[in-house]
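What follows is one structure encoded as structure tokens, with my remarks underneath.
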Amino acid sequence: MTSKLKVRNISRTELSIINNFLIKNWNITLKNLLVEQLHSKNVYAYIYEGYFNEIYAINEDAKEIIDEILEKKKHPYALGFHVGRIRKNKFIPSLELGYAAVTKTNAYVIVNDKGEKNFLYGKDIFTESVIDIGTNIREKQIVLVLNDRHEYTGIGRALGAITKRRDKILARRKVIIKNIIDLGWYLRRGG
Amino acid sequence: MIENKIFHIEISNKAKDIAKRYGYLPYMVQRYYEIFGDWHEVTLFLKGNEKPLLKSIRCNTLRTNCRELEIKLKEKNITIEKIPWLPHGYWILSSPIPIGATHEYLRGYYHIQGPASMLPPLILDPRPNELILDMAAAPGGKTTYIAQLAENRNVIVAIEKNRKRIKSLLSNINRLGVTNTIILRMDAVKISEIFDLRFDKILLDAPCTGEGLIPLIPERKTSRTIEDIKKLTKIQISLLKTALKVLKRNGIIVYSTCSIAPEENEYVIFNVIKDNREFELELLSIDIGIGANGLEEYKGVYFGKEFRKCKRLYPYVHGTEGFFIAKLRKK
């Protein structure tokens, strides 16, 4: 029926991997990131086992239904909110998780029109395109990429530290943000 | 007996002539005479199908507010106009860029959706905390609108059988910020056999022959026979019967198709009501400010006065794809 792959509850270890990532990069836990989004006191995460272990989060109401479906040994194709995936003990956030984090974290860079356009085509960001930051960014930090209206564009990895002094963005590299995933994905791969 | 009456067609010479002129299979034009009861109206309908339909979008309030969207699209020289009978619908009057490739589209601020297909979720009237079933969900325009109308505060079980189409369903769900949907890839007819779930509301936007889509897909003028319609009618009846099994008492079903064929619409509902012995089914009025009434009768088969409560949309009258909607309550 729905899939040969299997949906199961997330393990403690897997949840720790996600929370460690989120706290380190965005200073927030999965629960705090999603409670409002899911209109729920609690957030329940499930793993969809496959080549990647896809992670989904749902609220209490949906949990009741999922439990009933799993009880019948059936597995949904997808459920609730797509959190991201775990591969080789590494968490990769989904586009949607970045979208949900926009109002929850200061770990962002703001880019100009040119930077936004290039990023949406899957390209990296030059330091000259960064016009502001939410807070100082560490090298290798995973950050949100926003446009000058604070609109979400995608997720990138800082290739070097980024700081701001007297309204000037300082970084030691020409290309400063590596594209991890951007909203252009919906056109390129979304289906 | 009734089935024979519905599917038996004697084609007149007039129907053959008109069919040739507009490039249709003759059986279709003969049926249009049975629907409209007037050759002049049939001609208006056929002429209307030759005109392209305006594109339309639905503003997605899960991601933005409609006023901001209006401003943003205006800045891009995209001319839009509010569709008066839809709370979130806009006509696209002109656009210098493809509307499926703007940054606003990627951010999920809107969805490209035909105006008629925005109606079933509105008529379903989803509320927070309800459990809702969408029985043929891909590509997700209606599923995501159900989520939007209940502000993601309900739970939607969305079923889709087709492997390719289910990907676009998931992509749209993610892009539009829908967080409350459980997607099952299966044949919807089996849901009552497998699960004990009971739903507050059900949307059955049934697979159909697409006879309302001729302005968008002119090939449809010749691509389907009456046998194709007959086959789909059976599937539609079986889906509607399944829907009734898994609907709670006093629950609501909205049945819709993008077809104007009475065989796929009034006849399906009539057939299900007629065969049903377990509970009472009531056709409910639909107050949407647009649409012609459903047919009371077709080809000598009297469905009943209450079938006027259904709504039919025609491209030549309403400027939308051809569409049918019915709302039923299980008592």
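At-a-glance table
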| read-out | value |
| --- | --- |
| Residues that are more than 29 Å from B:HIS88 (Cα to Cα), open to solvent by 50 Å² or more (accessible area, probe 1.4 Å) and in contact with a Phe, Trp or Tyr (Cβ under 7 Å, 6 or more places away or on another chain), drawn from segment B:285-331 | B:GLU296, B:GLU297, B:LYS331 |
| Residue list for segment B:211-266, restricted to those being under 22 Å from B:HIS8 (Cα atoms), open to solvent by 10 Å² or more (accessible area, probe 1.4 Å) and not in a helix (DSSP H, G or I) | B:ARG224, B:THR225 |
| Test: B:THR64 is part of a helix (DSSP H, G or I), at negative phi, within 26 Å of the chain's Cα centre (by Cα) and surrounded by fewer than 21 Cβ atoms within 10 Å (Cβ to Cβ) | no |
| Matching residues, segment B:155-202, being part of a helix (DSSP H, G or I), more than 9 Å from chain A (Cβ to nearest Cβ) and open to solvent by 20 Å² or more (accessible area, probe 1.4 Å) | B:ARG163, B:VAL189, B:SER192, B:GLU193 |
| Scan of segment B:92-132 for residues that are touching a strand residue (DSSP E or B) at 6+ places or on another chain (Cβ under 8 Å), assigned to a helix (DSSP H, G or I) and farther than 22 Å from B:ASN77 by Cβ, ordered by number | B:PRO115, B:ALA116, B:SER117, B:MET118, B:LEU119, B:PRO120, B:PRO121, B:ILE123, B:LEU124 |
| Qualifying residue in segment A:84-93 (condition: under 27 Å from B:ILE191 (Cα atoms), more than 13 Å from the chain's Cα centre (by Cα) and not assigned by TED's automatic domain parsing to the domain that holds A:THR163) | no |
| Residue in segment A:148-157 that is touching a residue at least 60 places away in the same chain (Cβ under 8 Å), within 13 Å of chain B (Cβ to nearest Cβ) and either of a type in the set (A, V, I, L, M) or in contact with a Cys (Cβ under 6 Å, 6 or more places away or on another chain) (or both) present | no |
| Top-ranked residue in segment A:29-58 [being open to solvent by 20 Å² or more (accessible area, probe 1.4 Å) and over 23 Å from A:LYS90 (Cβ atoms); ranked as nearest to the chain's Cα centre (by Cα)] | A:GLN37 |
| Candidate set from segment B:7-41 (those that are touching a residue at least 40 places away in the same chain (Cβ under 8 Å) and charged (D, E, K, R)); member that is most open to solvent (accessible area, probe 1.4 Å) | B:GLU34 |
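The values are calculated or read from the model by the stated rules, or taken from the named source; none is laboratory data. Note that this is a predicted model, so its numbers are computed, not measured. For neighbour counting, all protein chains shown are included, and Cβ atoms are generated from backbone atoms with ideal geometry for every residue, glycine included. Note: accessible area is taken over every heavy atom of the protein model, side chains too, but ligands, DNA and RNA are not part of it. Shrake-Rupley method; radii C 1.70, N 1.55, O 1.52, S 1.80 Å.
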